[in-house]
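I have placed the structure first, in the form of structure tokens, so that the comments after it can refer back to it.
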Amino acid sequence: MKETNLIIEGAPALRASSFSLPEAFRLYGVDPDDLKGLARVALSKGGDYADFYFEYSTSDDLMLRDGEVSSVGSHADFGVGVRVLSGEMTGYAYSEKTDIPSITAAAQMAASIAQQPKEAVVAEQAVVLESAQNRYPVVRTWDDYPVLLQKEFLKALDEEVRQQDERVLKVVARLAHSCSKIFFYNSEGVMHTDERPMASLSLTCIMKQGTRVENFSASRSFRCGSELLTEELRHELAREVVSCCARMMEAEQPTGGVMPVVMGAGGSGILLHEAMGHAFEADFNRKGTSVFSDKMGKRICPEGITVVDDATLVSNRGSLNFDDEGTPGQRTVMVDNGILTSYLHDRISAKYYGVAPTGNGRRESFRYMPVPRMRATYMESGRVAEADLIRDIKKGIYVDHFSNGQVQIGVGDFTFYVKSGYMIENGQLTRPIKDTNIIGNGPRVLSDILGVADNLKIDNGTWTCGKEQYCAVSCGMPSVLIRQLNVGGSL
């Protein structure tokens, strides 16, 4: 798998996270003795475990419309979430203040989930976790690239898109960047800090030709600093939205029916994420609502197929040094050579199954308790060329961009809206297509994979997963041939 390299020539040395433990104590106004006392309060009614998740997040965004940056926004969020576990039950409360009385009140609220008071067990000695590798080093901070330069970058992007095709009617661009300073502590004495950057650039092109209007959007998002903004990225995004939007002008809806489908490398990973990945999350399996609940250790797809959820890709949007329960980020193989080998676990599900957490306990912010969530989910490359997947198909479709979809996680039934692709006719990509649906079942799709190409691509778009709360993720796939799917188009 090829990882995106964000290092720019002439840049200063990589900056590791500068958010130290002493800085965390100063920022949140606590010290080790305070934390032990707060943990005792949280466990005062009989809880088995407690943790504290401190967060200070800042974010900025700029929006360009009609050739001008028309809005600039800045936001800050600050607080602490307190979780108490008592058997299978969870108590949770949060405070937007981190003075001791406010945290104590939140701890008392979370403690009330337990109703059998016992002596609180709180570690006397702290275990400070250090990341073996900072997976999101910053080359250049946003202080080194002020707002006026950011505005000029967006305006140059707008001009470049308009210069490429006279049919361009409108350009919309958005630049967003943020940084979260996380401090975690639990009643077992484990604590760590983490500084998580994020930078995203989104671009939409709208074209008009006669009475026909089409649009296309593209984006890039990484855990990085202002090194995101390069001329290379500007050229790449401008070319992508213009060429794809121009293709949409020639595209038509395909004829519907049941037919072979080749999922293009990259963005097709969203189907893997939605229709299959969620069904591997351990909370759904623990509750028996996933179709894979009784499939551990069994073959669920052909040999040669490996599906991974990964927190270790450098600068990837879904990567983590630690998850939101203090578990180090790691690479988790869910399907190994066709065999289901692991669910995605948080602390609760790992205890239930008697396994180690996989680092998938994630939350949107301190206002939410962690639950099993994906990070960067992808299928590993196969051994054939993409052209070999297409060569023997008499009639089918090749899909490369999606705009939305619906999934029933329990059974895996899905409908995805295909933004663009091509007809496959007699082994060749022919007419461009658009605006159709593919309908199927995730587990059945896994078992119906006939071939996997050698071209794995991680899609570095602004993917965000919504599962009662929102988390940044990424996805990817090599090109994959599926025996058949129901294609909804014109009749």
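Rule-based calculations on the coordinates, nothing more; no lab input. Values in this document were obtained by computation on a predicted structure and should not be read as measured data. As a convention, Cβ positions derive from the backbone with ideal geometry for all residues, glycine included, and neighbour counts pool all protein chains shown.
Counting each pair of different Cα atoms once, what's the Kirkwood radius of the chain in Å, rounded to one decimal?
24.1 Å
Before anything else, pin down the relative contact order of the chain: Cα pairs under 8 Å, at least 6 apart, normalised by residue count, whole percent.
16 percent
How large is the convex hull of the Cα atoms of the range 21-250 per residue, expressed in Å³ as a whole number? Numbers along the way, then the final one.
On the way: hull volume 38.5 nm³, N = 230.
Taking the convex hull of the Cα positions in the range 21-250, it is 167 Å³ per residue.
So which of 181/419; 351/467; 208/419; 155/208; 181/295 end up more than 28 Å apart by C-alpha?
181/419; 181/295
Please state the equivalent ellipsoid semi-axes for the range 176-280: what are the square roots of 5 times the Cα gyration tensor eigenvalues, largest first, in whole Å?
On the way: eigenvalues 284, 110, 22 Å².
Largest first, the range 176-280 gives 38, 23, 10 Å.
Could you list the residues of the range 279-299 with an amide nitrogen less than 20 Å from a label point located 7 Å from the Cα of residue 48 in the Cα-to-C-beta direction?
Taking a point 7 Å out along Cα→Cβ of residue 48, the residues of the range 279-299 whose backbone N falls under 20 Å are 282-288.
Which one, 133, 192, 148, projects farthest toward the positive side of the charge dipole computed for the range 21-250 from Cβ point charges (K/R +1, D/E -1)?
Most positive-ward Cα: 148.
Just round it to a whole percent: the fraction of Cα-Cα distances in the range 259-383 exceeding 26 Å.
19 percent
Under a Cβ-only charge scheme (Lys and Arg +1, Asp and Glu -1), can you give me the dipole magnitude of the range 232-371 about the Cα centre, in debye to the nearest 20? Mind dumping the intermediate values first?
Values: 15 positive and 18 negative charges, 76 e Å.
Computed charge dipole of the range 232-371: roughly 360 debye.
Starting at the first residue of the range 154-166, write each ³J(HN,Hα) from the Karplus equation 6.51 cos²θ - 1.76 cosθ + 1.60 with θ = phi - 60°, in whole Hz, x for Gly and Pro.
Each residue's phi maps through the Karplus curve to give 5, 5, 5, 5, 4, 5, 5, 5, 5, 6, 7, 7, 5 Hz.
If we restrict to alpha carbons, what Rg and Dmax does the range 257-488 come to, in Å?
Cα-based Rg and Dmax for the range 257-488 come out at 17.1, 54 Å.
Inverting the mean 1/r over all pairs of different Cα atoms, compute the Kirkwood radius of the range 237-326 and quote it in Å.
17.3 Å
Between residue 385 and residue 159, what is the spin-label point distance in nm, taking each point 7 Å from the Cα along the Cα→C-beta axis?
So the label points at residue 385 and residue 159 sit 4.2 nm apart.
Hey, could you get me the Stokes-Einstein D for the range 156-195, Kirkwood radius over alpha-carbon pairs, 20 °C and 1.002 mPa s, rounded to whole µm² s⁻¹?
149 µm²/s
Hey, with R₀ at 51 Å, roughly what FRET efficiency would residue 255 and residue 33 work out to, going by the Cβ-Cβ distance, to 0.05?
Working: r = 71 Å, r/R0 = 1.40.
Taking R0 as 51 Å, the efficiency between residue 255 and residue 33 is 0.10.
Just add up the charged neighbours of residue 204: K/R +1, D/E -1, any other residue whose Cβ is under 9 Å from the Cβ of residue 204. Write down the numbers at each step before the final one.
Values: positive: 170, 174; negative: none.
Combined, the nearby Lys, Arg, Asp and Glu give +2.
Taking neighbour Cβ counts within 10 Å as the exposure measure, how do 83, 234 sort from fewest upward?
Ordered by Cβ neighbours within 10 Å, fewest first: 234, 83.
Consider just the alpha-carbon atoms of the range 334-390 and return their Rg together with their Dmax, both in angstrom.
Expressed in Å, the Cα Rg and Dmax of the range 334-390 come to 16.0, 49.
About the Cα centre of the range 257-488, what is the dipole size in debye to 20, counting +1 per Lys and Arg Cβ and -1 per Asp and Glu Cβ, all else neutral? Show your work: numbers first, answer last.
Numbers: 25 positive and 25 negative charges, 48 e Å.
It comes to approximately 220 debye.
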